[in-house]
Amino acid sequence: MSDPSGPRADQRALDLEKTADWYRRFRLLETPGQSALYAAWADGVENDAEVLGLIVTLPRPKRQPNLVFTCARLLGAPLTGYRDFRPWLVEHWPAVAAQALLRSTQTNEPRRLTAIMPVLAGIGPELALLEVGASAGLCLYPDRYSYDYSGRRVDPVHGPSTVLLTADATGPVPLPTHPPEIVWRAGLDLNPLDVHDPDDVVWLQTLVWPEQTERRDRLDAALTIARLDPPLLTRGDAVVDLEKLVALAPAGVPLVIVSPAVLVYLAPEQRTAFARTVAGLGHWISLDGAGVLPQVDALLPQPPVPGDFTVSLDGRPVARCGPHGQSLDWIVG
Ligand SMILES: C[S@@+](CC[C@H](N)C(=O)[O-])C[C@H]1O[C@@H](n2cnc3c(N)ncnc32)[C@H](O)[C@@H]1O
């Protein structure tokens, strides 16, 4: 008989503790002002040994609160407090676990372009744009959306868009009259989502947190724009397959490679390899949370605030922004 207090039991105890801590950090850092429901669910999970015991049966990356909660909602979890959610989750755990193994969080948030568009405009009026970790490619249309930076408006050259991206802006954000024209757009993703596929669209919609109706409306409007002119999306890895896609970019216009909210999914050595690869291929704009690119964080005037993202151009920070582009604080003139 195996020793119940042996190394396996130690590993399980550590797994339970780390998972509880993950749900606690999610609740404290990510849910405030975003989702009272997810805060309540995370609060319940972090103190519930039986539910934590189910969650740790998943491989580590799949224990992510956002992934587990989105899979539960996809399968019809009641959108009420933990008292109702808990029995539902226990009963439906095999189905939730199967979805979590199948899927990953691929939230596509065009509002992140509030941080990217001014950087693009500083590079040139006409650009080729390649997004790494593109999801459904909704961040590939900076020229088709309208923007509002604390009352300063930027519209596409042909007039206001049905998608308005707003940011609380501080600092000397350099705004153009119109967004730059994108003459070529392409995306690379381990699992590209198809704006015409109903299953992919439902997954994208469910990834928007329950109370965020404004985000869901924006997603639907952006999907309509993308469906009229779907982007070139290629299945592949950020490091291994980037050069093949870059080879398709047209000559004669600057190529800009953007990597919003994706490098966190890469191991630290892959991030270093990606930064090295991208440096020889074109300009590189990235949006990352604190600690994802320590070499960029080190150049910030103040240490990064947990929960905020840093916007960088060619490895140098230019601004801080909210993780979904809801705020933008320009730090260089
Ligand atoms: C959080 S989503 C961000 C989507 C989009 N960039 C945005 O900001 O709206 C991260 C995306 O990166 C993709 N991804 C993760 N690791 C990757 C890798 N090694 N190579 C390519 N794509 C990857 C995921 O499939 C997912 O679609």
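The values are calculated or read from the model by the stated rules, or taken from the named source; none is laboratory data. Nothing here was measured: the structure is a model prediction, and the numbers come from that model. Every residue, glycine among them, receives a Cβ derived from its backbone with ideal geometry; neighbour counts consider all protein chains shown.
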>> Only one of LEU101, LEU130, LEU75, LEU79 is touching a strand residue (DSSP E or B) at 6+ places or on another chain (Cβ under 8 Å) and not charged (D, E, K, R). Can you tell me which?
In response: LEU130
>> Suppose we filter LEU29, LEU67 for residues that are closer than 26 Å to VAL305 by Cα, surrounded by fewer than 16 Cβ atoms within 10 Å (Cβ to Cβ), under 19 Å from the mean Cα position of the chain (by Cα) and outside the structural domain of TRP203 (by TED's automatic domain parsing); which single one remains?
In response: LEU29
>> Suppose we keep only residues that are touching a residue at least 60 places away in the same chain (Cβ under 8 Å) and surrounded by fewer than 20 Cβ atoms within 10 Å (Cβ to Cβ) within segment 284-312. Which one would you say is farthest from the chain's Cα centre (by Cα)?
In response: PRO306
> In segment 232-277, which residues are among the aliphatic types (A, V, I, L, M), touching a residue at least 40 places away in the same chain (Cβ under 8 Å) and closer than 17 Å to LEU127 by Cα?
Replying inline: LEU232, LEU245, VAL246, LEU248, ALA249, VAL253, LEU255, VAL256, ILE257, VAL258
> Among ARG144, ARG153, ARG60, which is the only one that is within 16 Å of the ligand (Cβ to nearest atom) and in the same structural domain as PRO254 (by TED's automatic domain parsing)?
Replying inline: ARG144
> Is segment 16-24 home to any residue that is basic (Lys, Arg) and either without any contact (Cβ under 8 Å) to a residue 40 or more places away in the chain or out of contact with any helix residue (DSSP H, G or I) (no Cβ under 9 Å at 6 or more places or on another chain) (or both)?
Replying inline: yes
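Okay, residues lined up against (1) closer than 24 Å to CYS321 by Cβ; (2) more than 8 Å from the ligand (Cβ to nearest atom); (3) not charged (D, E, K, R):
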site	(1), (2), (3)
PRO231	yes, yes, yes
ARG235	no, yes, no
PRO250	no, yes, yes
VAL253	no, yes, yes
VAL256	yes, yes, yes
TYR265	yes, no, yes
THR272	yes, yes, yes
ARG276	no, yes, no
>> One residue is enough: does segment 184-197 have a residue meeting the conditions more than 15 Å from LEU223 (Cβ to Cβ), modelled with pLDDT of 95 or more, away from the ligand (no atom under 16 Å from the Cβ) and more than 17 Å from the chain's Cα centre (by Cα)?
In response: yes
> Can you spot a residue in segment 279-293 that is modelled with pLDDT under 95 and in a helix (DSSP H, G or I)?
Replying inline: yes
>> Scan segment 211-225 and tell me whether some residue there is of a type in the set (Val, Ile, Thr) and either crowded, with 17+ Cβ neighbours inside 10 Å or not in a helix (DSSP H, G or I) (or both).
In response: yes
